[in-house]
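Everything below concerns the one structure shown next.
The numbers here are math on the coordinates, done by the rules we state, and not lab data. Only a predicted model underlies this, so the values are computations on that prediction, with no experimental measurement involved. Backbone-built Cβ (ideal geometry, glycine too); neighbour counts: all protein chains shown.
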Amino acid sequence: MGPRAADVDAPVLVLLLGPTGAGKSSLMNAIAGDEVSATGVLRPTTHNAIVYATEADAGTLRGGRLRRIAADRLQAVVAPRSGGVVVIDAPDVDSVERDNRELAEVLLEACDLCVFVTTATRYADLVPHDILRRVRERGVPLVVVLNRVPRDERDRDIVVADATRLLARAGVGGTAPLDLIVVHEGEVDPQRRSIAAASVEPLLRRIALLSETAEERRRLAREALAGAVRGLVPLAHAVADDLDHEAIDAEALRRIAVSAFDAEASELRGELRSGVLLHTEVLSRWHDYVGTDQITRYISSGLGKLRGLIATAVRGTPPAPVAAVEAEMTTTVEALALRHASEAARRVASEWSERDAVAPLVERDPTLWSVSAAFAPALREGLRRWMGSIIDDVRTGGGRKRAVAQVAALGVNVVGVAVMLAVFAHTAGLTGTEFGVAAGTAFVNQKLLEAIFGERAMAELVTRARTRLDELLSSLFAAERARFEALVPASTDLRALAADLRDAVTGLTL
Amino acid sequence: MNIRDCLDRLDEAIAAGTALGLDVGEATRVRDTARSRLAFPSDAYVLALAGGTGVGKSTLLNALAGEEVSASSARRPTTADGVAWIPAAKRGELSEILGWLDLRDVREHAGGVLPDVAIVDLPDVDSVRREHRERVDALLPRVDAVAWVVDPEKYKDELLHGTYLREWAPRLRRQIVVLNRADLLAPADAVRVRDDLRAQLKRDGLNGIPVIVTSARAGGEGVAQLRAWLAANVDAKRVVAERAAAATREAVATLAESVGVERGETAPLVDRDRRERALEDAGHGVLALVDMRTLRRQAVAATRLAARPRGAGPFGHLTSAIYRLTGRARVSADPAGHLGRWRLRGSLAPAVEPLRELVASAVPVAPPRLRASLAALSAPGALEGRLADAVDRAVVAEAEDLHPPTSVVWSLIGAAQYAVTAVLLFTALWFAALFVVHDVPTGAIVVPYLGPIPTPVVVLAGALLAGYLLAILLRIHAGWLGGRWASRIGDRVRAAVRQHVRDGLLVPLESIEATRAQLVRAARGIAESCR
């Protein structure tokens, strides 16, 4: 519409539109007064649009309204007459060739006058009716040519009355009387392979008039433009409504993703805090280590401390199962995080698969059913860095001078592991004999940390470590969720677009 | 061809499809329609004339009949409900079918020309009126044969080819395409149009559907040919059965295709090696949780505890009673209890992870329709519950039958301990006697000396040493036996865990594979019994 509005004096564009085999090409030949478009018995006859125009007009159109159409789909036939009117014979709207229909629809958007050609057997077909509805929405002036009407008078009356009724029901013509030209069966000009000129005389006259007077052209162009603008307002509102609905749908889809990932993330956090996460086999090794005299001397006082000092002097400090505990923590956290992220993805994919709007997207990317391939490496790297950050915290002694020396004596890694363990194994809420090992290990571990850092600094250290772990997992889960969210448009964008559209057509009249 | 077998295969395919969570609605409809149709006693088949508006279906029917049967008029669309044209002699036996087809407008003819076929003039397939198209869609699955009627204007309409021919032709057996209204064309053009139509049918993937050219309105050229086709090879029962077979074949093929059956084969969802590895890893994970190290310690302690009453002499009873009463035995010498409480020793997640990964890896390669049910297998609750069950079965069976070993050696050591105790007792009496009779005036008691040391002292020291050594010996022997026993338990638990993990864990995955295989078998069976 833009180019048309910019230049009301550009040549008017008459489009011949209709179902396959209705006789569009024959009509074209009648208009040209010569055989310019191939008529034939094979369907569809016209594969490309035939553009009947003077060279200058054809050039103007190609640079303007028709520039969106691939050049090879437009077949130019040079009109000898004076310019001003361009007639385009569109390819069939209902043939098996899909691009034909698409091309016809693009041409429909560009034309100033639409001549819809149908036949006595075709007028009740479904597909052309859908196209006619588009013509009405587009608000373009319309002439209907009803071809091959039986000569028998009674039959003819029945057909014409019935066709008029059906066309009117499709909304064609609106309040204005239907511009209907009836062509009888056999009214053909075999020489030019065209409909007999006399039968479509009103149309030919109209085209001739357009060609001769610029004022008439301008009037038609304005009428087409006005129709387009009139059609635009409800169309814009309809599109805006669609956008709003789409925004609601997009929000619903996002909510599914958000709630699934949130639920799984909080379940994961709960499991990580349950206190009975790590294998007691590994915990008991840590317990054994912390329980040796050499270590308990940090915790105990008096005789125990003395015994520890002597033991250390005699036997040295035993090696701590640092690697085993670290590996156990990494494997367990990894397994749990993978499980929950994967389950969240599965839940979202499963629910989305039930929704027509996104089911094809899920089908196209089956990796959405599970956690992404990047998750596990990112998690491993994140855990490595998390452990590193705890070691750094411990090295500075949690801000306590006295602690620095003790940490150094025990080994930074050992104390670091003790802090990490305190994140997962703790005594809160543990009861019953079977939690003995976990609770016992947590207890001595906590005692050790308390002895080194003091109660407050220890709590801070552990809390900080836990927060960092939560942050790490949250960001990884968010990245997983983003895979789904990338598939639906942002609802705020859609709403803004809808609002813009409504604003743009407010008060738009010609 | 055996249509019963064929429908049985369809039943199998539907059962398999239902088990896999596929949409079996269409297949079920096909089966029910086929069963209903086959149940009607008749030796006439039903042929439908299907086509767009104005192609001349009614005119064609009138031309076939040689009289006005169906109202043909210039007004479009004409036939609204469907008109049946049947031989009068078959009225009785056809009445049930006509009722089933919901055809009320029934015209009869003498039956001279076409005695074995009921012809139904369908409403237009491309009508603007929805109820017409719905009527066509309702009738097409139930008719036995179709004549697709086209004309020179409409023979290439996308609606006819896309919505009807490509959809329905594979589900039909007896069908023909009639290019009607050929009188609109010059004879040479009619041939060209027919060839173009054939080429389009070929592009639709529909080879072998005959095409004939008629002009029903002008003189009825080609109508005789159509009449001949209608009357040729008419064994109504076979036509009906073949139609049911074609629909069945197509329904099963659609189901099989949706689970990824290609040319009668399915690729396994999970690679065999990968699956073995995952099971092995899961087994390792579980054994880490069962804690074999502690199991061994407990088994040894339990054996020693069992050895004590028999091999530790009179004091052994006392110490083992104390051991039991204080509850220490329950904590550290109870391998059965240790096994039974395996679930409380940490998270199962690391053990489940390889299995989750295995199932998740199968999802992308699975056909889209199977993905949801396949992915559901990897839900943590499902997998973990299954794994826990498997391990429970393995461990509980093992724990029930856990009796510490015993040995006659212990009794021998025990007897020796008793002897040592007796010697100790004797020595004690000896010392007591020496103490008591020390100042008796009957004369001095001579205390025998062994070298420089008095004999009672030597005997006392010897008995204590012997007792200690015997206790050590018992400990070593029981420890050794316990160790062997622990190894046996360990091996058995390991084997049982592996076995149960293997047997129980991937059952749903296997059942999906098996159900797919069932569908493949049904599809192959169809290929044989529905030809």
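Each residue of region B:344-354 was assigned a 3J(HN,Hα) from its phi angle through the Karplus curve 6.51 cos²θ - 1.76 cosθ + 1.60 (θ = phi - 60°); the sequence is 8, 9, x, 7, 7, 3, x, 6, 7, 3, x Hz, with glycine and proline shown as x. Dipole size of region B:228-281 about its Cα centre, with +1 on Lys/Arg Cβ and -1 on Asp/Glu Cβ: approximately 380 debye, rounded to the nearest 20.
Note on B:Lys90: lysines with a C-alpha under 17 Å away, same-chain residues under 8 apart excluded, are B:Lys237. Principal axis analysis of the Cα atoms in region A:153-288 yields extents of 110, 38, 32 Å, listed in decreasing size. How large is the Kirkwood hydrodynamic radius of region A:333-387, counting all unique pairs of alpha carbons, in Å? By the Kirkwood definition, the hydrodynamic radius is 12.1 Å. With K and R counted +1 and D and E -1, the other residues having a Cβ less than 14 Å from that of B:His317 yield a net charge of +3. What the phi angles of region A:240-252 give under the Karplus curve with 6.51, -1.76 and 1.60, with θ = phi - 60°, is a coupling list of 4, 4, 4, 4, 4, 5, 4, 4, 5, 4, 4, 5, 4 Hz, glycine and proline written as x. Ranking of A:Thr330, B:Thr248 by neighbouring Cβ atoms within 10 Å, starting from the fewest: A:Thr330, B:Thr248. Between the listed residues B:Ala390, B:Ala336, A:Val140, the Cα displaced farthest toward the positive end of the dipole of the protein assembly as shown, a dipole computed from Cβ unit charges relative to the Cα centre, is found at B:Ala336.
Bridge orientation summary for chain B: considering DSSP beta bridges with both residues in this region, about 25 percent are antiparallel. Computed from Cα atoms, the angle from the helix B:408-436 axis to the main principal axis of chain B rounds to 30 degrees. Considering the convex hull of the alpha carbon atoms of region A:247-372, report its projected area averaged over all viewing directions, in nm², one decimal. The Cα convex hull of region A:247-372, projected and averaged over all directions, gives 10.8 nm². Summarised as an ellipsoid, region A:223-286 has semi-axes of 60, 8, 5 Å, derived from the eigenvalues of the Cα gyration tensor scaled by 5 and square-rooted, with the largest first. The Cα atoms of the protein assembly as shown define a convex hull whose projected area, averaged across directions, is 64.9 nm².
Would you work out if region B:354-484 is rounded, prolate or oblate? Take a ≥ b ≥ c from the square roots of the eigenvalues of the alpha-carbon gyration tensor; rounded if a/c is under 1.5, else prolate when a/b is larger than b/c, oblate otherwise. In terms of gyration-tensor shape, prolate. Only helices enter this figure: runs of n ≥ 4 DSSP H residues, each worth -39500 (n - 2.57), summed and divided by the residues of the protein assembly as shown, yield -20500 deg cm²/dmol at 222 nm to the nearest 500. Normalised by residue number, the volume inside the convex hull of the Cα atoms of region A:317-418 is 98 Å³ per residue.
Charging the Cβ of each Asp and Glu at -1 and of each Lys and Arg at +1, and nothing else, the dipole of chain B about its Cα centre rounds to 1960 debye. What the Cα atoms of chain A give is an Rg and a Dmax of 40.3, 127 Å. Out of A:Ile248, A:Ala238, A:Gly304, whose Cα points farthest toward the positive end of the dipole of region A:224-320 (charges: +1 Lys, Arg; -1 Asp, Glu; placed on Cβ)? Going by the charge dipole, the pick is A:Gly304.
Here the Debye sum runs over all C-alpha atoms of region B:259-350 as equal scatterers in vacuum, and log10 of I(q)/I(0) at q = 0.13, 0.17 Å⁻¹ comes out as -0.63, -0.82.
Given +1 at the Cβ of Lys and Arg, -1 at the Cβ of Asp and Glu and no other charges, the dipole of the protein assembly as shown around its Cα centre is 4260 debye to the nearest 20.
The alpha carbon gyration tensor of region B:304-403 gives principal lengths a ≥ b ≥ c with a/c of 1.5 or higher and a/b greater than b/c, which makes the shape prolate. When its C-alpha radius of gyration is set against 2.2 N^0.38 Å (N residues), region B:17-161 gives a value of 1.11.
Each of A:Phe424, A:Leu494, A:Ile181 was scored by the projection of its Cα onto the charge dipole of chain A, and the greatest displacement toward the positive side belongs to A:Phe424; charges sit on the C-beta of Lys, Arg, Asp and Glu. By the Cβ rule of 4.7 Å, the protein assembly as shown holds the following cysteines without a possible disulfide partner: A:Cys111, A:Cys114. Report for chain A the percent antiparallel among DSSP-assigned beta bridges with both residues inside it, nearest 5. Here the share of antiparallel DSSP bridges comes out near 15 percent.
Normalising the Debye intensity of region B:91-246 to I(0), with uniform scatterers on Cα atoms only, and taking log10 at q = 0.09, 0.12, 0.18 Å⁻¹ returns -0.31, -0.56, -1.31.
Sequentially through region B:243-248, phi angles give Karplus couplings (6.51, -1.76, 1.60; θ = phi - 60°) of 5, 4, 5, 4, 5, 4 Hz, Gly and Pro residues having no value and appearing as x. Its residue count N fixes a reference of 2.2 N^0.38 Å for region A:370-411, and the Cα radius of gyration divided by that reference is 1.70. State which entries of A:Lys305/A:Lys447; B:Lys57/B:Lys156; B:Lys57/B:Lys202 exceed 19 angstrom in Cα-Cα distance in the structure shown. Exceeds cut-off: B:Lys57/B:Lys202. Loop-located GluC sites (Glu not before Pro) in region B:365-458 (DSSP state not H, G, I, E or B) with no more than 14 neighbouring Cβ atoms inside 10 Å do not occur.
Geometric descriptor of chain B, per residue, is 202 Å³ (volume of the convex hull of the Cα atoms).
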